[in-house]
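What follows is a set of notes on a single structure, which appears directly below.
Read-outs: derived from the displayed coordinates by stated rules, not from any lab. It should be emphasised that the depicted structure is a prediction, and the values quoted were computed from it without experimental measurement. So basically every Cβ, Gly included, is an ideal-geometry build from the backbone, and we count neighbours across all protein chains shown.
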Amino acid sequence: MISELFSTTVLIGILASGIRLATPYLYAGIGETFSQKSGVLNLGVEGQMLLGCFAAFYVVFTSGNLWLGVLAAMLVGALMGLAMAFVTVNLHAQQGISGIGFYIFGLGMSDLLFQKLMGTVETVQGFPKIHIPGLSDIPGLGEIFFSQNILVYGSYLLVPLAWFVLNKTTLGLKIRSVGENPDAADSLGVSVARVRYFTIILGGTLSGLAGASLSIALLNVFQQNMTSGLGFIAVALVYFGAWRPVGVLAGALLFSMINSLQIWIQVLGIPVPSEIAVMMPYVLTILVLVATVSKVRAPSALTRPFERED
Amino acid sequence: MKSKLGSLFTALLPVIATLAALAVGAVMLLFLKVNPLEAYRALLDGAFGSTNALAETLVKATPLLLVALGICISFRGDVINIGGEGQMIIGAILATWIGLTLVEWPGWLVVSLALLGGFLGGAIWGGIAGFLKAYFKVNEILSTVMMNAIAVQLMLFLLRGPMIDPVMAERTSKIPETARLLEAFRLPRLAPTRLHLGVLIAVVLAVLVYILLWRTTLGYRIRAVGQNPHASRYAGIKVQRYVVVALLLSGAFSGLAGAIQVYGVNYRMITDGSASGFTGSAGFNGIVAALFGQLHPLLSIPASILFGALLVGANSMQRVVQVPSALITALNGLVVVFVVSSEILRRRSQRRRLAAGKEESPPKPDLPRVPLEEAKQ
């Protein structure tokens with residue numbers, strides 16, 4: 001049975017679904033990278049994702065329009081981000097705890113809306129695989145890389161884009177300076193509040209999109225608490241990736257590949273208790289944090305509210 | 001006079017935050033086409049309407065209070081323990097195992113050992129996160145969240161496999177649960193309701209935690225590290241050690257909550273397979289209660305009762321006006337957000353009082369604001 005795992009078809013299957021499953025980690029992780037780079041730890045990602053999941057699913061379920069679903073998820077995420085920004089920037093609330101508050105809110109709210117508006121688990125027709133003439137037909141590689149849906153491709157495109165914005169633009173410079181030394185940034189005329197509002201709302205929008213990718217592109221269902229810790233892993237990936245988009249990509253792939261392997265192990269009926277298999281990504285997160293975190297430095301102002309000295 | 005009004009206002013902030021959350025809830029109820037007054041009446045009735053309802057509220061409040069006590073310790077030490085869920089589970093597993101193994105032993109001894117086992121189990125699970133934070137700089141919020149997920153899977157594995165009730169193991173559709181504990185091993189009931197001894201244990205522990213935090217060197221050092229790790233280091237306090245101790249103790253109380261849930265309520269360990277199937281999210285709601293009680297062990301008592309009432313009331317609200325109890329989960333989230341947001345008002349009035357040079361009472365400590373990571377650089 002174990003040997004089945006190494007047949008070509010299964011390996012291709014594992015890699016293809018690994019590429020696919022990295023999508024929500026990428027959207028949420030890149031969004032969180034932006035907010036942490038500006039000095040804000042947003043722990044509400046999971047809640048934003050859940051609401052995004054539901055918004056996208058419900059809109060697609062009732063209207064049948066996939067892009068409208070994506071838009072709804074991003075809007076809901078942005079609104080959650082706006083609230084988070086107000087609370088942490090204007091009211092200087094403790095970021096970690098308010099994030100947990102937003103998580104619990106999103107958890108309850110998505111469940112409430114699901115029970116009230118739908119009641120039963122339904123499925124929708126999600127984003128279809130894109131067939132790229134030529135590339136999709138390459139044996140093996142075609143299935144792994146070139147027959148995914150549009151939201152999957154979008155998440156990978158986001159990585160170089162985020163790198164560019166953070167490192168090669170004035171906006172990126174402002175974000176980094178606000179995260180490293182808000183006082184200095186402020187004295188040079190950069191509005192700390194405005195930059196943080198931007199990054200937190202951007203993070204929320206991308207978390208919402210991450211939720212949409214789950215409910216209308218990867219799994220095509222909505223269930224209560226369907227993210228089950230995925231948003232928290234995305235936050236951990238930012239630490240793992242040392243606050244760099246490429247690092248987040250590496251972490252996301254590592255996780256999604258292990259997840260994919262675990263799913264295939266269960267599909268093939270290999271006698272590893274499913275609970276132990278499901279546990280593995282979490283154990284790995286901790287080990288990876290132990291191995292990497294102490295070696296890199298977080299943005300200096302991370303979790304510190306900015307208050308102008310009078 | 002004005003400053004008295006001011007301090008009364010700041011003391012009442014959590015209450016105002018809750019009322020604000022309930023007001024938001026009322027708007028949500030209107031959107032759901034439910035009369036908010038009717039819904040909240042059902043909630044009140046369900047929580048306090050009869051002796052049984054009241055007992056049920058206190059039973060629900062017990063794990064919240066125990067978790068909250070742990071949260072008071074860790075948050076005061078600037079350690080954000082989100083791992084109550086996992087710590088409860090590990091504590092309960094250890095306690096249940098003791099009860100199912102030592103069947104020949106006298107009841108009082110087994111119960112004592114089991115509660116101790118729960119305490120230890122939670123301490124280990126919290127201590128791991130503390131160790132990783134202190135010596136490997138692993139953010140404790142992330143590690144405790146991961147350890148929650150690991151504990152849930154471990155529980156499902158044990159309750160579906162090695163620890164499953166032998167009767168259940170025979171059936172085709174299996175509920176993940178252990179065998180029942182012997183009757184001699186149950187925590188005694190206090191009245192002809194489901195109220196059990198665990199309620200009293202939790203209240204006594206609240207007093208002890210108060211003494212620990214404000215009347216012992218250990219508590220002083222935990223708080224000192226939480227308020228200013230730099231200064232604590234210069235004062236010769238081994239900062240890392242107290243980070244571990246804070247998480248260890250915090251986990252221990254959650255673990256005890258798990259053990260008491262088994263020995264006082266279910267008499268077996270049982271889950272529905274979901275992440276919160278065993279704990280009923282007490283590990284999260286305990287955080288809400290502790291924040292509401294301004295991280296004070298004694299104020300956490302009424303706070304836990306309030307949230308216990310909300311949970312019990314949510315069920316009756318679901319029955320009477322058909323509003324899913326998830327509404328209350330959402331409102332709990334809002335309470336957390338509102339309470340941490342209102343901290344700014346308390347800080348302001350504190351600053352005003354200091355500026356006026358009238359430092360009548362020692363200032364209440366803020367929520368931890370200086371991340372420990374800085375101290376280590």
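Structure above, values below:
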| item | result |
| --- | --- |
| Listed residue pairs exceeding 21 Å between alpha carbons, taken from A:Lys37/A:Lys174; B:Lys133/B:Lys238; A:Lys116/B:Lys33; A:Lys37/B:Lys238; A:Lys37/B:Lys137; A:Lys174/B:Lys137 | A:Lys37/B:Lys238; A:Lys174/B:Lys137 |
| Calculated FRET value between B:Arg352 and B:Leu19, using beta carbons and R₀ = 22 Å, to 0.05 | 0.35 |
| Per-q log10 I(q)/I(0), chain B, q = 0.06, 0.09, 0.10, 0.13 Å⁻¹ (Debye; single scatterer per alpha-carbon; no solvent) | -0.24, -0.54, -0.66, -1.08 |
| Value of [θ]222 nm, deg cm²/dmol, for chain B, DSSP H segments ≥ 4, -39500 (n - 2.57) each, nearest 500 | -23500 deg cm²/dmol |
| Cα-derived Rg to Rh of the protein assembly as shown, Kirkwood definition | 0.96 |
| Exposed-site-free run, longest, chain B (rule: GluC sites (Glu not before Pro); DSSP loop; at most 10 other C-beta within 10 Å) | B:105-358 |
| In the range B:159-229, trypsin sites (Lys or Arg not before Pro) in a DSSP loop with at most 11 other beta-carbon atoms within 10 Å | B:Arg171 |
| 5 angstrom amide H check on B:Glu177, placed H, neighbours 5+ away | B:Asp165 |
